[in-house]
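So the structure is just underneath, and the comments pick up after that.
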Amino acid sequence: MLKDFFLNEVNNAIKKAVLSNKLGQMTEYADLNLIIEKPKNTDFGDFAVNVSSLARNAKIAPPLIANSILEYLNSDKYTASVTGGFINFKVSDLTLADTINEVLSLKNKYGSFEKSGELKKEKILLEYVSANPTGPFHIGHGRWAAMGSALANLLKFYGHEVYQEFYINDAGSQIQKLGNSLKIRILQELGENIDFPSDEIERKNFYPGDYLIPVAKKFLKEHADIDVHSCDIQILCDFAKNEMENCQRKLLEGFRVNFDKFYSELDLHKSGKVEARYKELKDKGFLYEQDGAIWFKSTQWGDDQDRVIKKADGSNTYLTADIAYHADKFDRGFDRLIDIWGADHHGYIARVKASLQALGYNPDNLEVLLGQLVNLIVDGNEVRMGKRKNMVTLDDLIEEVGVDATRYWMEMRNIDMTLDFDIELAKRSTDENPVFYVQYAYARVCSILRNAISEKLNPENGETSKAPMTENEFNNLINNFDKNIILKTTDCAKALILKLEEFKSVIALSAKNRTVYTICRYVQELAQEFHSFYNSNRVICDDKELMKSRLALMVAIKITLKNALDILGVSAPERM
RNA sequence: GCGUCCGUAGCUCAGCUGGAUAGAGCAUCUGCCUUCUAAGCAGAGGGUCGCGCGUUCGAAUCGCGCCGGGCGUACCA
């Protein structure tokens, strides 16, 4: 990465200057933690390092320091200059040519650190969505689904090994509620005069949403022989649960979210792991009884209160299984666990980490990304969402808005921000939708590349003219790329090429910070640089060498845009 | 009350571990299609960075205290 390269250049130059006693009272080189930046005003240069912070040790003015360091900066990769306490670098054409060469040779691996020495490869388990199988996804789930899958793509692309998991909360009282709700819907289908309780508290034991009506119909069709009045309620529970799971999985697939495993809480219980972990905590003396319940001493590891792990009625809490689940993740050999949770679960972090520590695992290897929730905006007004009321489901949203726009909208904001999802806005396929702007750039690039090797039809006289270059010539240009070719267009494409180079830094930083929105920002910036270039420079032109130079640039843009869009899970259309 | 996230242009948001004149998109206004897709480009206007104090050569950024909003604060999941 050029950023690192220039930082390294400055640090080396400082060392040399210190050794030659050129930096005032500075007699030894310490790691100074200098910052490389991109000047807003490009007249200064393409990159800059502020060395003012050396003034304290050197006891001389920043400009003098900068000039002393400048003496040791010399390379054909750049020209360096000084203004004030800043050392400015202008990238040479040679360096720009290297970048294009790198993109063209690495192709779909451009931006990846897979083979880089900087990569500390980790085996990561990323868990997200993990919804109850009690109903369709709501819009909030869509945020975790989009962000989680994009984060997985990002971390994989960067070079980590990533395993994606969905934890199914298919054990516990909510499944009973689901079965009971299905029973009512079936009886309604049979014409009985029955309904969900009108009392609000009673009603909380049911899922009165319409979505169980088709499930009831399907049940009657497949199980005409079963008497719903007298049958084991478990049959209804299982049927409803399977239906819900299937519908969730189908949606995820269409939303380009691909889990490696759906981990069933029920299976976890059956495996005996939950009970085993309970025993382990008990044997270690971390449990105690109070008011008929069993409590876990989570305060011992920083939680603000102890937590019930077995209720007075003998059943487990949600936490009990979650402890076993997270311990099991580590036991399966993962170096790092990343969970995406809604901000409403924030109180859970301390207790889960406490339990991991109690069981002898390092809680720092569990990262919980807390996502703020999604507000749905309809007609300019916020719509409250409740699982039990009629709601806008993720299905509805995707159908109206499309997978690309829905994903992009979910991904483009920092996870710390409450997301206002304005349906009307996202539906518009106009300028207000940045995803079209980016896809349009891609389609335009593809169009140019097509035109470069296609013969052209003149609509006035019906004659066709020869293609600007043959397919062989084109392939030869790209596959046996001579970097000198690009020098022909570096002067007007400099900003664009530097933006392509920046992709590597963006990937590294995004992977480190676990952010996806930074990829969205980048892809918009790259598209903008391209559109700007496009409007003032023709790619296909009479100057053959210039055309080759620009075609190579177009291919580099195409590759980089595609790599970024693939991470986001947004399609890259060749035509629009 | 406590914990946590947020408060930057009319709107939606960037601003990386403090650094050159606080940025982008949308909206508003002005230009640009006989040549590769105008879903585009070029330009203009628009901000006491919620408020106050502190640390620093330097604060939107760090610390403390307020103000305003979201979420949480269960023997629910």
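Using 11 Å as the cut-off for backbone N distance, which residues of the stretch A:490-518 belong to the label zone defined by a point 7 Å from the Cα of residue A:37 along Cα→Cβ? So the set is empty, nothing qualifies.
When only alpha carbons are used to place a centre, the stretch A:494-511 and the stretch A:142-169 end up 22 Å from one another.
Taking the charge dipole of chain A about its Cα centre, with +1 at Lys and Arg Cβ atoms and -1 at Asp and Glu Cβ atoms, the residue from A:362, A:485, A:160 reaching farthest to the positive side is A:485. Of the whole protein surface, residue A:576 contributes about 130 Å² of accessible area at a 1.4 Å probe radius. Comparing Cα centroids, the stretch A:557-576 and the stretch A:264-327 end up 46 angstrom apart.
For chain A, report the translational diffusion coefficient in µm²/s to the nearest whole number, using Stokes-Einstein at 37 °C, 0.692 mPa s, and a Kirkwood Rh over Cα pairs.
Reported coefficient: 117 µm²/s.
Axis of helix A:434-452 versus longest Cα principal axis of chain A: the two differ by about 50°, to the nearest ten degrees.
Accessible surface area normalised per residue over chain A is 48 Å², counting heavy atoms of protein chains with a 1.4 Å rolling probe. Once backbone amide H atoms are built at 1.01 Å from N, residue A:371 has A:341, A:342, A:343 as its partners under 5 Å, excluding neighbours fewer than 5 places away on the same chain.
Calculate how many DSSP beta bridges within chain A are antiparallel, expressed in % of all such bridges and rounded to the nearest 5. Of all bridge pairs located within chain A, approximately 55 percent are antiparallel.
Calculate, in nm to one decimal, what residue A:275 and residue A:463 gain on full extension: separation in residues at 0.36 nm each, minus their alpha carbon distance.
Here the answer is 59.7 nm.
Heavy atoms only, probe 1.4 Å: what % of the accessible area of chain A goes to carbon and sulfur, would you let me know? Don't skip to the end; give the middle numbers.
On the way: 12670 of 27450 Å².
Of the solvent-accessible surface of chain A, carbon and sulfur hold 46 percent.
Against the main long axis of the alpha-carbon atoms of chain A, helix A:490-513 sits at an angle near 30°. With both labels modelled 7 Å from their Cα along Cα-to-Cβ, the residue A:173 to residue A:427 distance reads 3.9 nm.
Go through the stretch A:14-121 and name the GluC sites (Glu not before Pro) that are in a DSSP coil and have 15 or fewer other Cβ atoms within 10 Å of their Cβ.
Numbers: sites: A:28, A:37, A:71, A:102, A:114, A:118; in loops: A:28, A:71, A:114, A:118.
Answer in residue order: A:28, A:71, A:114, A:118.
Residues whose amide H comes within less than 5 Å of that of residue A:211, counting only those at least five positions distant or on another chain, are absent (H built at 1.01 Å from N in the peptide plane). Taken about its Cα centre, the stretch A:2-91 carries a charge dipole of about 160 debye when Lys and Arg each add +1 at the Cβ and Asp and Glu each add -1 at the Cβ. When only alpha carbons are used to place a centre, the stretch A:61-95 and the stretch A:395-441 end up 43 Å from one another. Please get the size of the charge dipole for the stretch A:434-568, origin at its Cα centre, with Cβ charges of +1 on Lys and Arg and -1 on Asp and Glu, quoted in debye to the nearest 20. In debye, rounded to 20, the stretch A:434-568 gives about 520. Note on residue A:532/residue A:230: beta-carbon distance plugged into 1/(1 + (r/R0)^6) with R0 of 60 Å gives a FRET efficiency of 0.25.
Loop only by DSSP, 10 or fewer other Cβ within 10 Å of the Cβ. Give me the trypsin sites (Lys or Arg not before Pro) in the stretch A:15-58 that pass, ordered by residue number. Let's see the in-between values first.
On the way: sites: A:15, A:16, A:22, A:40, A:56; in loops: A:22, A:40.
In loop regions of the stretch A:15-58 (DSSP not H, G, I, E or B), the sparsely surrounded trypsin sites (Lys or Arg not before Pro) are A:40.
For chain A, the longest principal axis of the Cα atoms and the long axis of helix A:348-358 meet at an angle of about 90 degrees. A dipole drawn for chain A from +1 and -1 charges on Cβ atoms has a positive end, and of A:503, A:80, A:383 the residue lying farthest that way is A:80.
The values are calculated or read from the model by the stated rules, or taken from the named source; none is laboratory data. Nothing here was measured: the structure is a model prediction, and the numbers come from that model. All Cβ positions, glycine included, derive from the backbone under ideal geometry; neighbour counts span all protein chains shown. These accessible areas exclude ligands, DNA and RNA; they are computed on the full protein's heavy atoms, side chains included. Shrake-Rupley method; radii C 1.70, N 1.55, O 1.52, S 1.80 Å.
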